[in-house]
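So the structure is just underneath, and the comments pick up after that.
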């Protein structure tokens, strides 16, 4: 069985519950203290790795918070995509970790027309910063980005198994896995199960890299392919969330030594009455996880599937700086393919449009640590 799918299946039971970090309205929590030893002599987040290391990209998506239209509320699709870029040393201990959560919504009006400006890019909780609004309801008066930074710092120097062994407590229905250790009592009161699952997924699909100094997480999110009801043409409403993510490792000179790119293309379908026709309990798969089931090979002039093409692009990036990657010559093939690589090395291996992938890699470099 594919390693990525195996990792996904291990956490599928958790995901089906739709519990993702923090919900629509962050609630106050009051964790109790429980003694636990603190790892000693752990590296700082982003400390260089001598020799070989492993880079992973973990992704935990859910559409469980999408809702039907009813007498009081209009239909609304919601995609929560937790992502983690993690660098592990040769013993499997976390050296660098960046976690984020792309929580985006597409609302419909009573006529099932779009009620969200889908031309605006999607955002993540880390990008929102104080605008996410957790501080005002937090018992410890800390915003989401501050709490996840503290949680990331706690992970440094630990293995995935040690991280999974974190004592947790139930605070309320929306907060089933709140850290229950003294080190995090005053810094982390969010529920953390999806963040731990993303780090585990990152480890399961990690690749070996050499001379990694830093690692970063980048994302590009689009809602533009969402649509409202077009009854005359029998086109039903749909929210589409295209979440491009990249975990990238760099050496001391900023040269790419490893890259993992993926795309969670999530569709939430409705009928003309505003009732969901997509099973919101199912866990969406990314393009890399779908592999041949994504269906690109049958329409590809080079007869290659998406995961094969992105692997070739990732390999091409290794040994180059971000500026060199962004300077890639591209060509316009058609309206949907505006940035196809136009370099001899990729002619027979990459015919997908790559603008969002390059942008995610650039953001990963900006966020690297």
Counted residues in the range 160-176 being within 17 Å of residue 200 (Cα to Cα) and in a loop (DSSP other than H, G, I, E, B) come to 3
Any chance residue 199 is closer than 23 Å to residue 288 by Cβ, surrounded by 24 or more Cβ atoms within 10 Å (Cβ to Cβ) and under 13 Å from the mean Cα position of the chain (by Cα): yes
Does the range 181-196 contain at least one residue that is on the phi > 0 side of the Ramachandran plot and surrounded by fewer than 19 Cβ atoms within 10 Å (Cβ to Cβ)? no
Picking from 363, 345, 301, 315, the residue that is farther than 24 Å from residue 100 by Cβ, assigned to a helix (DSSP H, G or I) and touching a residue at least 24 places away in the same chain (Cβ under 8 Å) would be 345
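Here is a yes/no grid of residues against (1) out of contact with any strand residue (DSSP E or B) (no Cβ under 9 Å at 6 or more places or on another chain); (2) buried (at least 20 other Cβ atoms within 10 Å of the Cβ):
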{"site": "173", "(1), (2)": "yes, no"}
{"site": "207", "(1), (2)": "no, no"}
{"site": "223", "(1), (2)": "no, yes"}
{"site": "240", "(1), (2)": "no, no"}
{"site": "245", "(1), (2)": "no, yes"}
Residue pairs qualifying under the 8 Å Cβ cut-off, at least six apart or on distinct chains, with the first in the range 155-183 being closer than 18 Å to residue 84 by Cβ and the second being at pLDDT below 95 and crowded, with 19+ Cβ neighbours inside 10 Å, are 156/45; 177/19; 179/31
Looking across the range 225-238 at residues that are surrounded by fewer than 24 Cβ atoms within 10 Å (Cβ to Cβ), in contact (Cβ under 8 Å) with a residue 12 or more places away in the chain and more than 23 Å from the chain's Cα centre (by Cα), the single one that is nearest to residue 209 (Cα to Cα) is 227
Here, strands (runs of 3 or more DSSP E) confined to the range 1-114 with at least 1 residues that are modelled with pLDDT under 95 and at negative phi are 52-62
Among 263, 269, the single one that is under 30 Å from residue 75 (Cα atoms), under 18 Å from the mean Cα position of the chain (by Cα) and assigned to a strand (DSSP E or B) is 263
- request: Report whether or not residue 282 is on the phi < 0 side of the Ramachandran plot, surrounded by fewer than 20 Cβ atoms within 10 Å (Cβ to Cβ), at pLDDT 95 or above and in a loop (DSSP other than H, G, I, E, B).
  value: yes
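The values are calculated or read from the model by the stated rules, or taken from the named source; none is laboratory data. Here the structure is a predicted model, which is why all the values come from computation and not from measurement. Counting neighbours? That spans all protein chains shown, and the Cβs are built from the backbone with ideal geometry, glycine included.
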